[in-house]
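Report on one structure; see the data block that follows.
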Amino acid sequence: MENNIDSKINATRDGVTQIGKDLRSDAHATIDKVADKIPPATDRAAAAAHTGVDKVADTVESTSDRLAARSKQVAESYTKLAESGRSHVRASPAISVLIAAAAGYGLSKLLSSRSTK
């Protein structure tokens, strides 16, 4: 299961990174086309636009990497939490059933009191 989550996280990160690369390439091509049609005085503006595009693309790429890393951490935490819950239920199944029943009863009372108002 963890490999499946990791592969989905990696595929999503790769997709976002590719979108960023495609956008960067398209933006640079558009800037170059516009700069070719305008007098050379716009070279500085074109250079500034290129720098801006690079900064945005770099930010998107680094954000994508950070999100992928955070998603992996969340998946690992979930796996640990699920295993911890399983071990507690295995250790004391009767108490686990009573706690689950009490929680369900409490939630039903909480939700039913909201729906009647």
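When Rg is the radius of gyration of the Cα atoms in region 2-91 and Rh is its Kirkwood radius, what does Rg/Rh come to?
Using Cα coordinates only, the ratio equals 1.34.
Against the longest alpha carbon principal axis of the chain, how many degrees, from 0 to 90 and to the nearest 10, is the axis of helix 43-91 turned?
Tilt of helix 43-91: around 10 degrees.
Would you mind telling me which residue in 48, 57, 69 has the biggest mean-square fluctuation in a Gaussian network model of the chain, where springs connect alpha carbons within a distance under 10 angstrom?
Among 48, 57, 69, the largest mean-square fluctuation in the Gaussian network model of the chain belongs to 48.
Could you go through region 4-20 in sequence order and give the Karplus-derived ³J(HN,Hα) for each residue, using 6.51 cos²θ - 1.76 cosθ + 1.60 with θ = phi - 60°, rounded to whole Hz, and x for Gly and Pro?
Values per residue, Gly and Pro as x: 5, 5, 4, 5, 5, 4, 5, 5, 5, 4, 5, x, 5, 4, 5, 4, x Hz.
Go through 55/80; 8/55; 33/55 and tell me which ones have a Cα-Cα distance over 30 Å in this structure.
Checking Cα-Cα distances, 55/80 exceed 30 Å.
Using only Cα atoms, find the angle between the long axis of helix 93-115 and the longest principal axis of the chain, and express it within 0 to 90 degrees, rounded to the nearest 10.
For 93-115 against the chain, the angle is about 70 degrees.
Using only the alpha-carbon atoms of region 49-101 as identical scatterers, what base-10 log of I(q)/I(0) does the Debye formula give at q = 0.19 Å⁻¹?
With no solvent term, the Cα-only Debye profile gives -0.73.
Given springs between every Cα pair under 10 Å in a Gaussian network model of the chain, which of 50, 88, 28 has the largest fluctuation?
Its mean-square fluctuation being the largest, the pick is 88.
For the chain, what does the helix formula give at 222 nm: sum of -39500 (n - 2.57) over DSSP H segments with n ≥ 4, over the residue count, nearest 500 deg cm²/dmol?
The helix-only estimate for the chain comes to -34000 deg cm²/dmol at 222 nm.
Would you mind ranking 36, 14 so that the residue whose beta carbon has the fewest other beta carbons within 10 Å leads the list?
36, 14
Among 24, 66, 44, which one shows the biggest mean-square fluctuation in a GNM of the chain, springs joining Cα atoms closer than 10 Å?
Result for the chain, Cα springs under 10 Å: 44 fluctuates most.
The numbers here are math on the coordinates, done by the rules we state, and not lab data. Predicted, not measured: the structure shown is a model, and the values here were computed from it. Note that each Cβ is placed from the backbone with ideal geometry, even for glycine, and that neighbours are counted across all protein chains shown.
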